[in-house]
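See structure below.
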Amino acid sequence: MKKSRKEYTKNRKLSNHPPAFLQVEKMALPPFSGVWLILLCAFFLHACNGFRVDKVLKKRTPYESYLDALEDSPLQNSSMVRAWREAGEINGDSLQVDLPHSEHFYFDPQRPSAVFVHFFAREGEEILVSGEALPPNLPYFMDVFAWEGDSYKRLVSTDSTQRVSYAVKQPGKQVLRIQPELLVGGVVQIKVETRGLLAFPIPDKTSANIGSFWGDPRDGGGRRHEGVDVFAPRGTPVLAASDGRVRRVGTNRLGGKVVWLYDPDLNHSQYYAHLDSQAVRLGQRIAQGDTLGFVGNTGNAITTPPHLHFGIYRSGRGAVDPLPFLSPFNPAPDRPVEDAETLEAHALVSVDKANLRASPNLQGDRLASLERHTPLKVLGKSGDWLRVVLPDRSEGFIFGGLLDMHPEPLDEVVLGAEDGIQLEWDWPYRVSGELVQGTARVLGEYQGRVFISTYTGIQGWLVN
């Protein structure tokens, strides 16, 4: 028997300085110089078209150039452009993924949107970002931002190849933004992969052969290990992990026979210790892979098997963990295109309790415990985990096996003239009257409210 609306819901919880281009008289510039020409062009563009000087003097990323074009077009004051700009503003970082990571996303052409992939970048790694779209000609942007003090600052942007790699010189929070152009949609698969910036210093070995790590106790806990140890037979060549110049060749109490190599590109010094003998001289230019010395156990390693102690020191900071610098390539899993079939779908929680997590794994922080029949919208897919958004717009990851991806209506409810439907959870507006009267299907329940669909095609939340 069909229930009335009241029967169905009664038991439910329900500045003072002038611009720079006006201060040119204070600058001692030769007449007709190239700088004068640039400033004159900037002034002319600003006066005639209202352009900002930074648009002329600063190289624009593909995203910025596209946004400039939108804001200089007849659409500049439209709600669509405003919604597209707002969608690209970086949201909170409660969701985090571990690297390497791959994920599919679906973008609805009728709704401006962006997706943010938050992760922690380790100093010494190279991060490789790549994207692939279906259809292949889908125009979209990918930009990486790093947290600097009190806000996210743009780090790198992809070009038309949708691929970019960069060195992590400071550890910290980073975020990848993926956003298609206005009024276009489709599926985008992204990969965020990592590899160390340095070559491994012992031939035919990798970081899997490290026998002692950064931070391990030394001298009965009196100090901590400031490097990594790689055990190898005495006399094994010790190879330069990068190009550089020999800064020091000598002997000390702890390290025994040592070599210091300065890398100007990464602005750090590499420390090779416990050598049986050295094979380079002070000031010598070195190419990656050149032999610096040979494995031994000199210094305070005299009682241990032969091994290389490898450390990295940054000016003003001292020792840093070398492990990320030496990590092998970590590829992200390949996800078949079929993984995207469930994206943008509406699903229901199919168990009594389902945990919404901050990461796509069981170790992710629990954000919420969702009840059976909670409706969710699927935004992304990473293996068995789905990135979802709740009716109140909060996001998280949930294990796909806890959802019904093709749910049938839970029930039916009869709506009267006094009933109304909110099209979105947080909208104050309602549709009522003849447009919603009659029988409606119940599609889900959240926080005591009922999600319904009328037979005239209106979906939304029943107003109690």
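Observations on the structure shown:
- Selection status of residue 422, over 25 Å from residue 350 (Cα atoms), out of contact with any helix residue (DSSP H, G or I) (no Cβ under 9 Å at 6 or more places or on another chain), at pLDDT 85 or above and crowded, with 16+ Cβ neighbours inside 10 Å: no
- Number of residues in the range 254-287 that are within 20 Å of residue 314 (Cα to Cα) and polar (S, T, N, Q): the value is 3.
- The single residue among 45, 67, 29 that is of a type in the set (A, V, I, L, M), modelled with pLDDT under 50 and not in a loop (DSSP other than H, G, I, E, B) turns out to be 45.
- So residue 125, is it among the acidic types (Asp, Glu) and either more than 27 Å from residue 389 (Cα to Cα) or open to solvent by 40 Å² or more (accessible area, probe 1.4 Å) (or both): yes
- Looking across 185, 215, one residue alone is at positive phi and surrounded by fewer than 20 Cβ atoms within 10 Å (Cβ to Cβ). It is 215.
- A single entry from 427, 461 fulfils the requirement of being under 16 Å from residue 346 (Cα atoms) and of a type in the set (A, V, I, L, M, F, W, C): 461.
- Residue check for residue 268: out of contact with any Ser or Thr (no Cβ under 6 Å at 6 or more places or on another chain), surrounded by 19 or more Cβ atoms within 10 Å (Cβ to Cβ), modelled with pLDDT of 95 or more and within 17 Å of residue 202 (Cβ to Cβ): no
- So residue 200, is it crowded, with 18+ Cβ neighbours inside 10 Å and on the phi < 0 side of the Ramachandran plot: yes
- Screening the candidates 287, 301, 273 for the property of being of a type in the set (Gly, Ala, Ser), surrounded by 15 or more Cβ atoms within 10 Å (Cβ to Cβ) and farther than 11 Å from residue 249 by Cα yields one hit, 301.
- Residues satisfying the stated conditions in the range 425-444, i.e. part of a loop (DSSP other than H, G, I, E, B) and either open to solvent by 30 Å² or more (accessible area, probe 1.4 Å) or touching a helix residue (DSSP H, G or I) at 6+ places or on another chain (Cβ under 9 Å) (or both): 425, 426, 427, 428, 429, 430, 437
- Matching residues, the range 97-116, being open to solvent by 20 Å² or more (accessible area, probe 1.4 Å) and of a type outside the set (A, V, I, L, M): 98, 100, 106, 108, 109, 110, 111, 112, 113
- Residue within the range 304-312 that is more than 26 Å from the chain's Cα centre (by Cα), among the small types (Gly, Ala, Ser) and open to solvent by 30 Å² or more (accessible area, probe 1.4 Å) present: no
- Selection within the range 74-89: residues that are touching a helix residue (DSSP H, G or I) at 6+ places or on another chain (Cβ under 8 Å) and open to solvent by less than 30 Å² (accessible area, probe 1.4 Å). The member of this set that is farthest from residue 63 (Cα to Cα) is 81.
- Unmet criterion (only one of (1) crowded, with 16+ Cβ neighbours inside 10 Å; (2) in a strand (DSSP E or B)) for residue 407: (2)
- Strands (runs of 3 or more DSSP E) lying entirely in the range 330-394 (those with 2 or more residues that are farther than 25 Å from residue 188 by Cβ and open to solvent by 10 Å² or more (accessible area, probe 1.4 Å)): 353-357, 366-371
- Close pairs (6 angstrom Cβ cut-off, 6 or more residues apart or separate chains): of a type in the set (D, E, K, R) and crowded, with 16+ Cβ neighbours inside 10 Å in the range 155-179, at pLDDT 95 or above and not in a loop (DSSP other than H, G, I, E, B) anywhere: 177/116; 177/143
- Scanning the range 230-259 for residues that are farther than 18 Å from residue 197 by Cβ, buried (at least 19 other Cβ atoms within 10 Å of the Cβ) and within 37 Å of the chain's Cα centre (by Cα) gives 238, 246.
- Looking only at the range 143-198, and only at residues there that are of a type in the set (Ser, Thr, Tyr) and assigned to a strand (DSSP E or B), the one that is farthest from the chain's Cα centre (by Cα): 151
- Filtered residue count, the range 290-304, keeping only those that are modelled with pLDDT under 95 and assigned to a loop (DSSP other than H, G, I, E, B): 3
The values are calculated or read from the model by the stated rules, or taken from the named source; none is laboratory data. Predicted, not measured: the structure shown is a model, and the values here were computed from it. No Cβ is skipped: glycine too gets one built from the backbone with ideal geometry, and neighbour counts run over all protein chains shown. Accessible surface areas use protein heavy atoms only, side chains included; no ligands, DNA or RNA. Shrake-Rupley method; radii C 1.70, N 1.55, O 1.52, S 1.80 Å.
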